[in-house]
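*Asks:* Have a look at the structure that comes next, please.
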Amino acid sequence: MPDQDLLATCWTTAGDAAPMRGDERSPLPLRERVESAAAAGFRGIGLVDADLVVAEREHGPAGIRSLLDDNGLVHLELELLTDWWADGPRRRRSDEVRRRLLEAAGALGARHVKVAPDVGGGPWDHDRWVAEFAALAEDARQAGTRVGLEFLPWSNIRTVHDGLRLVGDAGHDAGGLVIDVWHTERAGTPPAELAAVPLRHIVGVELSDADADQVGTLFEDTANRRRLCGEGAFDLQGCIRALRAAGWTGPWGVEILSEAFRRLPVREAAAAAFATARAQLELADDGR
């Protein structure tokens, strides 16, 4: 299978860590996470900013790069930049994270940096967002990487179509979308519509699964109840076939977050995440 590379996104190897806890740092050493991902078969890994700070302090950029190289991990994703559209103190904090992520992306050869939309629900100016995203993409280009906006169904950029409008209007080839099938499925986007997404606008793809019925808020459902690929109700094979039709050849991110998954030993968790995602890719391939 030509597009077989899988990337373990940050939460897939983070152990008992989760988004929006305040402290997002993984309790696991970077070496254990990298070795677990590699042993499972992954060819890439993701790190959240809080873990990047710890890793740089403990290993330095050269040490992180050597650790990845020694374990055959060739794809690196860094996340998550928020408030890149804001001003005042929020923007100052965001700019510090922006600088750190882009400097690390340049030093480590990261394929992209993931950025978020506004989950606050406040008013926003499309034209300003377009200008800010274009400027962010240019900063990424100068660092030798790309930025991928992950649309979220509870944010101001709810669907892949909302995201395409923003990145299309920004018109910068270093900026695009991270398409997480959890978000397309929960937003009610038919998988076939993903086939029409221009490849130049796809920066990353993430796979996971979930039950048919949402439990709690969308955020609670995505952070606590995701399932391994093929163990839920999503049309993953349809999504995979559509994204292949759009021209995507990987790497395929695997992002599993759930209360049960966080309790597993990291080697067991990584192995299960890899095996189930790989099985769905192979089944989608057989169904062409």
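The values are calculated or read from the model by the stated rules, or taken from the named source; none is laboratory data. Model, not experiment: these values are computed from the prediction. Note: ideal-geometry Cβ built from the backbone for every residue, glycine included; neighbour counts use all protein chains shown.
*Asks:* Does any residue of the range 83-96 turn out to be crowded, with 21+ Cβ neighbours inside 10 Å, of a type outside the set (D, E, K, R), under 25 Å from ILE256 (Cβ atoms) and under 19 Å from the mean Cα position of the chain (by Cα)?
*Replies:* No, that holds for no residue.
*Asks:* Then there's this: Being touching a helix residue (DSSP H, G or I) at 6+ places or on another chain (Cβ under 8 Å) and at pLDDT 95 or above narrows it down to one residue among GLU103, GLU138, GLU132, GLU96; which is it?
*Replies:* From the options GLU103, GLU138, GLU132, GLU96, the qualifying one is GLU103.
*Asks:* Here's another thing I want to ask about it. Six or more apart or on different chains, Cβ under 6 Å: which pairs go from a residue in the range 76-89 that's within 13 Å of GLY122 (Cβ to Cβ) and at pLDDT 95 or above to one that's crowded, with 16+ Cβ neighbours inside 10 Å and of a type in the set (D, E, K, R)? Could you list them?
*Replies:* Within 6 Å, the pairs are TRP85/GLU132.
*Asks:* Given the options LEU7, LEU102, LEU47, LEU68, name the one that is touching a Leu at 6+ places or on another chain (Cβ under 7 Å), aliphatic (A, V, I, L, M), buried (at least 19 other Cβ atoms within 10 Å of the Cβ) and touching a residue at least 40 places away in the same chain (Cβ under 8 Å).
*Replies:* None of the others qualify; the one that does is LEU68.
Yes/no per residue for (1) of a type in the set (A, V, I, L, M, F, W, C); (2) over 30 Å from LEU136 (Cα atoms):
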{"site": "VAL178", "(1), (2)": "yes, no"}
{"site": "VAL181", "(1), (2)": "yes, no"}
{"site": "ARG186", "(1), (2)": "no, no"}
{"site": "ALA195", "(1), (2)": "yes, no"}
{"site": "ARG200", "(1), (2)": "no, no"}
{"site": "GLY204", "(1), (2)": "no, no"}
{"site": "LEU218", "(1), (2)": "yes, no"}
{"site": "GLY232", "(1), (2)": "no, yes"}
{"site": "ALA245", "(1), (2)": "yes, no"}
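*Asks:* Name the residue, out of ALA116, ALA137, that is among the aliphatic types (A, V, I, L, M), more than 26 Å from ARG33 (Cα to Cα), buried (at least 19 other Cβ atoms within 10 Å of the Cβ) and under 17 Å from the mean Cα position of the chain (by Cα).
*Replies:* None of the others qualify; the one that does is ALA137.
*Asks:* When you scan the range 231-241, do you find a residue that is of a type in the set (A, V, I, L, M), at pLDDT 95 or above, in contact with a Leu (Cβ under 8 Å, 6 or more places away or on another chain) and buried (at least 22 other Cβ atoms within 10 Å of the Cβ), even just one?
*Replies:* Checked the range 231-241: at least one residue is of a type in the set (A, V, I, L, M), at pLDDT 95 or above, in contact with a Leu (Cβ under 8 Å, 6 or more places away or on another chain) and buried (at least 22 other Cβ atoms within 10 Å of the Cβ).
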